[in-house]
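Worksheet for the structure shown next.
The values are calculated or read from the model by the stated rules, or taken from the named source; none is laboratory data. Values in this document were obtained by computation on a predicted structure and should not be read as measured data. Because the Cβ atoms are built from the backbone with ideal geometry, glycine has one as well, and the counts that use them run over all protein chains shown.
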Amino acid sequence: MTTQIVLVTEAADEYRDAEARAREYDLDSRIDGDLQPMLVDGVSAVVLAGAVAGLVKVIGDFIDKRRGGTIIDRTADPIRVTRDRGVPWGHVVIMFEDGTIEVEVHDAPEDALERWLTKLLELPKDALKAAAEALTDPLQPDDTAAAADAAG
């Protein structure tokens, strides 16, 4: 009597491990199908892509913030717009022809990555809130029990 064990895998390293075990017990093994080395599974790929996107954003923001704030010189012809490390990032200094200076502060708008991370971080809070509401809602009386009481 022959016993056959079927190993279904697409990862070449898993097959090699199973093949080594089969040799330990003097079993025959064969490859059915096309085995491809599996470098990264799906979840890891998504996490890795998110980490890379986050890292690129952090580096980009760091470089942008190092460049400093913006100076708009309206006294020059043509008007000059420059970045200066002496002006904090997010600040705009406007120099007018009459010698007055105005300083404006601008927050950077949320980009897609920030909105996505905010939503992701709000998920546990929203789930907890929904669970708490479900526990505190008054129980509705059973309609069949109310009908039986009215009839009897």
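Given the options 69, 50, 54, name the one that is surrounded by 11 or more Cβ atoms within 10 Å (Cβ to Cβ) and closer than 30 Å to residue 14 by Cα.
Just one listed residue meets the conditions, 50.
In segment 97-121, how many are modelled with pLDDT of 80 or more and not small (Gly, Ala, Ser)?
Counting residues in segment 97-121 that are modelled with pLDDT of 80 or more and not small (Gly, Ala, Ser) gives 9.
Tell me, please, whether a residue that is assigned to a helix (DSSP H, G or I), outside the structural domain of residue 96 (by TED's automatic domain parsing), touching a helix residue (DSSP H, G or I) at 6+ places or on another chain (Cβ under 7 Å) and modelled with pLDDT under 85 can be found in segment 41-53.
Yes, segment 41-53 contains at least one residue that is assigned to a helix (DSSP H, G or I), outside the structural domain of residue 96 (by TED's automatic domain parsing), touching a helix residue (DSSP H, G or I) at 6+ places or on another chain (Cβ under 7 Å) and modelled with pLDDT under 85.
Mind checking whether some residue in segment 78-88 is in the same structural domain as residue 117 (by TED's automatic domain parsing), modelled with pLDDT of 80 or more, surrounded by fewer than 11 Cβ atoms within 10 Å (Cβ to Cβ) and not in a helix (DSSP H, G or I)?
yes
So for segment 99-114 (the condition being part of a helix (DSSP H, G or I), without any contact (Cβ under 8 Å) to a residue 12 or more places away in the chain and surrounded by 11 or more Cβ atoms within 10 Å (Cβ to Cβ)), does at least one residue qualify?
yes
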